[in-house]
Amino acid sequence: ENSMFTTSRLFLIPLTQEDVEDVFGLGRDEDVARYMRFEPLKDLEEAQKLVDSYTQGKNRGFAVRLRSDQSFLGVFALKEEQEPQKYSLSLFLKQESWGHGYAAELIGWAKHQGIQLIPGDTLTGYVVGENIPSQKALEKNGFRLKDTRTFDDLPQGLCIYEWKAPLKPSGVKVNYQRELDQLLLGLSKEGRIPTLFLHSCCAPCSSYVLEYLSNYFEITVFYYNPNIYPEEEYRTRVEEQRQFIQRLTPAHPVHLLEGEYDTDSFYEIAKGHEQEPEGGERCFACYRLRLEEAAKYAKEKGFDYFTTTLTISPYKNAQKLNEIGRELSAQYGVSYLYSDFKKKNGYRRSIELSEEYGLYRQDYCGCVYSKMERDRIRQEKE
């Protein structure tokens, strides 16, 4: 409920009593009030009522601040409407922040992360007809003009835009590669290079992912894999990851952070699942263990996104990985980068790059249980 969220350039911090004075300073600006269709605020009491309206019930209201200096820019809210499953966007920013693309950035956050915070699937934007920049920001994010209503005080009308989250019925697979393509296209148009905290399971799996994503992000590779057994194997894999990154010539910087080799944490989540085959609940718990550590660190250090290389493997459940990523994104307040890196020949390219760089390619996933399964299969073939 009280999580702070981030975009590439902004903090979204839940509105509190401490923001009332900033909201008053913003809301008494006649031009800001005109676009928001309310009278300029006259005093702090009116500002308090406005803050209350954005935070009551199921509404989610945020103070928008710059990440660079934490200065107050404005207010962004998701407000429950009378129609079921519908929420409207309320966004008003200081005049000096207009024209910098912040509105499009915030609307994009609402689609990909804010929608996870509310019991709804439809976002509506109400824009006065003369406010062309806000209309373009909505259209850029896939909102469609649904209606235009006229009022005596709005000769150009009130434009009503709507975006509905794609239906994702149980059992129907989501094309996460398509979602990634759309996000990367948006980043290219904006000319921004966000930061990405990328959990990596091994150098070979990271090879294509780094080649691909370093065109769009400044990446920190997070090598956190306490599941790997034995320790000698762990040391071999982490050193291979380090050497590969040093040899890369990426479009944007790639860094490496090695996590703690805390094997006890893996054996704790594996309890009761020791006899399960690969790809079952033990693996799902292992996905969550590593992704949660990545989400925590990404939040703490202010990364724009976090994700994992694991979806490149045909032996890993990309749907489950993305579901876990979505849950952790909402829990920790940091955006998850959806992916299915095996698509677009990603897995094949990782094999080519492994051969090109002479990378060590292990023949079991990493944990003692996967090693035992590999040994059993070998014995059966002999």
Scan region 98-112 and tell me whether some residue there is out of contact with any Gly (no Cβ under 8 Å at 6 or more places or on another chain), of a type in the set (A, V, I, L, M, F, W, C), part of a loop (DSSP other than H, G, I, E, B) and within 25 Å of Tyr332 (Cα to Cα). no
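With respect to Val64, is the statement that it is among the β-branched types (Val, Ile, Thr) and buried (at least 21 other Cβ atoms within 10 Å of the Cβ) true? Lay out the reasoning, then the answer.
Numbers: among the β-branched types (Val, Ile, Thr): yes; buried (at least 21 other Cβ atoms within 10 Å of the Cβ): yes.
Judged against the criteria, Val64 is a match.
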Condition test on Gly120, is it assigned to a loop (DSSP other than H, G, I, E, B), surrounded by 15 or more Cβ atoms within 10 Å (Cβ to Cβ) and without any contact (Cβ under 8 Å) to a residue 60 or more places away in the chain? yes
Starting from region 257-272, take each residue that is under 12 Å from Cys367 (Cα atoms) and list its partners that are in a loop (DSSP other than H, G, I, E, B), counting only C-beta distances under 6 angstrom and pairs at least six apart or across chains. Thr263/Pro226; Phe266/Pro226; Phe266/Asn227
Report, by residue number, each residue of region 121-159 that is of a type in the set (Lys, Arg) and more than 19 Å from Lys86 (Cβ to Cβ). Lys136, Lys140
Hey, among Phe92, Phe76, Phe38, which residue is over 28 Å from Ser188 (Cβ atoms), assigned to a strand (DSSP E or B) and of a type outside the set (D, E, K, R)? Phe92
Selection status of Lys342, crowded, with 16+ Cβ neighbours inside 10 Å, at negative phi, charged (D, E, K, R) and more than 10 Å from the chain's Cα centre (by Cα): yes
In this structure, is Arg282 part of a helix (DSSP H, G or I), crowded, with 20+ Cβ neighbours inside 10 Å and of a type outside the set (S, T, N, Q)? yes
Mind checking which pairs have a first residue in region 305-329 that is closer than 18 Å to Thr220 by Cα and touching a residue at least 40 places away in the same chain (Cβ under 8 Å) and a second that is among the β-branched types (Val, Ile, Thr) and in a loop (DSSP other than H, G, I, E, B), Cβ under 9 Å, 6 or more apart or different chains? Tyr305/Val334; Phe306/Val334
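Pick out the one residue from Tyr347, Tyr357, Tyr332, Tyr305 that is in contact with a Lys or Arg (Cβ under 6 Å, 6 or more places away or on another chain) and hydroxyl-bearing (Ser, Thr, Tyr). Steps first, please.
Details: Tyr347 fails: in contact with a Lys or Arg (Cβ under 6 Å, 6 or more places away or on another chain); Tyr357 fails: in contact with a Lys or Arg (Cβ under 6 Å, 6 or more places away or on another chain); Tyr305 fails: in contact with a Lys or Arg (Cβ under 6 Å, 6 or more places away or on another chain).
None of the other options fit; the residue is Tyr332.
Any read-out appearing in this document is the output of simple, stated calculations on the displayed coordinates, not a laboratory observation. Every value quoted in this text rests on a predicted model; they were computed, and no experiment measured them. Note: ideal-geometry Cβ built from the backbone for every residue, glycine included; neighbour counts use all protein chains shown.
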